[in-house]
């Protein structure tokens with residue numbers, strides 16, 4: 001079996017991390033502490049992806065996608081606003097990883113149902129999963145850490161970050177429309193040398209052939225709304241829909257860990273498939289790439305941190321709590337997040353920011369939340385999104401992903417930090 005490039009990266013990261021532990025570059029107690037911290041995260045990752053995969057097979061996402069598409073009434077601008085609102089609210093109220101796992105299949109199913117290119121919908125999900133995650137502590141794990149550091153309640157954090165969040169969202173919407181949604185950029189089939197492609201599905205209903213042809217030429221102003229989608233197995237549909245609803249409800253109102261909620265919901269979905277469609281339960285449902293990559297990534301970053309990363313970050317971030325210091329902290333956070341990963345970078349950066357510099361810490365938060373949209377490994381949400389797109393056979397050319405992401409990262413982080421400085 002030929003390994004994908006990210007498979008090799010995942011294996012290489014884990015091997016490097018284990019080598020660091022074996023040679024003593026990373027002390028055993030530091031490695032143990034890192035693995036203890038990420039164990040609940042790994043449990044969440046493994047169970048929530050199994051839940052998403054089985055829910056997709058039960059056609060829950062197809063039903064939701066058809067309803068969103070009908071609400072758009074055939075208008076691309078209306079559909080764009082609906083998708084932006086859907087992704088933003090999901091990220092703010094739940095968290096960015098939930099958006100990446102549960103909303104990505106909805107968006108891709110929507111493209112399939114309507115007969116339009118999937119990449120604009122996929123990019124809407126992954127960009128807003130990152131850039132819409134500034135407002136509430138629950139929106140992002142880094143927010144929880146920052147809120148504790150600056151002693152802000154959920155309403156307090158929202159009161160301080162609502163203006164930067166609006167600025168970042170406005171920039172994200174502009175970049176989405178410019179690069180992916182406007183006429184001539186929605187795209188059709190694109191295949192590059194690495195086999196990455198943007199697929200346009202076959203016509204799905206009366207008039208869809210004309211719409212698909214228009215999409216491929218980049219000239220369509222409207223799409224054909226689909227009819228009501230009826231799942232093949234209503235029992236599986238209801239069981240998985242209830243499992244997802246219970247998962248989301250548990251996150252919102254119950255004080256339970258994420259992995260407990262996702263694990264319980266996944267067990268419900270697995271039990272339903274064991275009764276109704278046992279053949280769907282395969283080992284390939286387990287996201288081994290992520291479960292290998294994340295521990296390797298944390299071990300490598302812990303090693304680098306033990307050998308000078310903290311001092312480097314302290315020097316790069318500086319102690320200036322003024323406007324220039326805000327932009328400096330955000331640039332360091334966003335840049336290093338794309339090189340490594342935003343969660344370990346925020347943890348290391350937080351320790352480098354002077355205790356009393358609250359606005360500088362919030363600027364670092366903007367950089368590590370809105371900036372990681374360039375490389376596929378920059379945030380866990382982007383990795384989860386990539387995994388879901390891979391499962392659906394949808395690819396975005398790497399050069400396009402990184403090029404457009406660089407424009408978004410620079411402009412969104414700049415706008416967010418600028419508004420943060422103006423409202424301090």
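Coordinate-derived values only; no laboratory data. Predicted model only: the values in this text are computed from it and were never measured. A quick note on method: Cβ atoms are made from the backbone with ideal geometry, for glycine too, and the neighbour counts reach across all protein chains shown.
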### Query
Given [x] 89, 42, 38; [y] 58, 46, 40; [z] 63, 47, 46, which label gives Cα extents along the principal axes in Å as computed from the coordinates?
[z]
### Task
Working from Cα positions, state the angle (0 to 90°, nearest 10) between the long axis of helix 342-352 and the longest principal axis of the chain.
20 degrees
#### Entry: Between 0 and 90°, nearest 10: helix 5-23 axis offset from the chain longest Cα axis
30 degrees
### Query
Sorted from fewest to most neighbouring beta carbons within 10 Å, what does the list 53, 350 look like?
350, 53
### Summary
the stretch 267-383 -> Rg/Rh from Cα coords, Kirkwood Rh, value 1.19
#### Entry: For the chain: relative contact order, % (alpha-carbon pairs under 8 angstrom, 6 or more apart)
25 percent
#### Entry: Likely footprinting exposure, 276, 328, 113, fewest C-beta neighbours within 10 Å first
276, 328, 113
#### Entry: Per-residue Cβ neighbour rank within 10 angstrom, fewest leading, 262, 153
153, 262
### Estimated 222 nm signal from helices in the chain, with DSSP H stretches of n ≥ 4 weighted -39500 (n - 2.57), rounded to 500
-22500 deg cm²/dmol
### Query
When you count, for each residue, the other Cβ atoms within 10 Å and take the mean per peptide, how do 378-385, 140-147, 231-238, 126-133 rank with the highest first?
126-133, 378-385, 140-147, 231-238
### Message
Can you give me the angle between helix 380-392 and the longest principal axis of the chain, using Cα atoms only, in degrees from 0 to 90, rounded to the nearest 10?
### Response
20 degrees
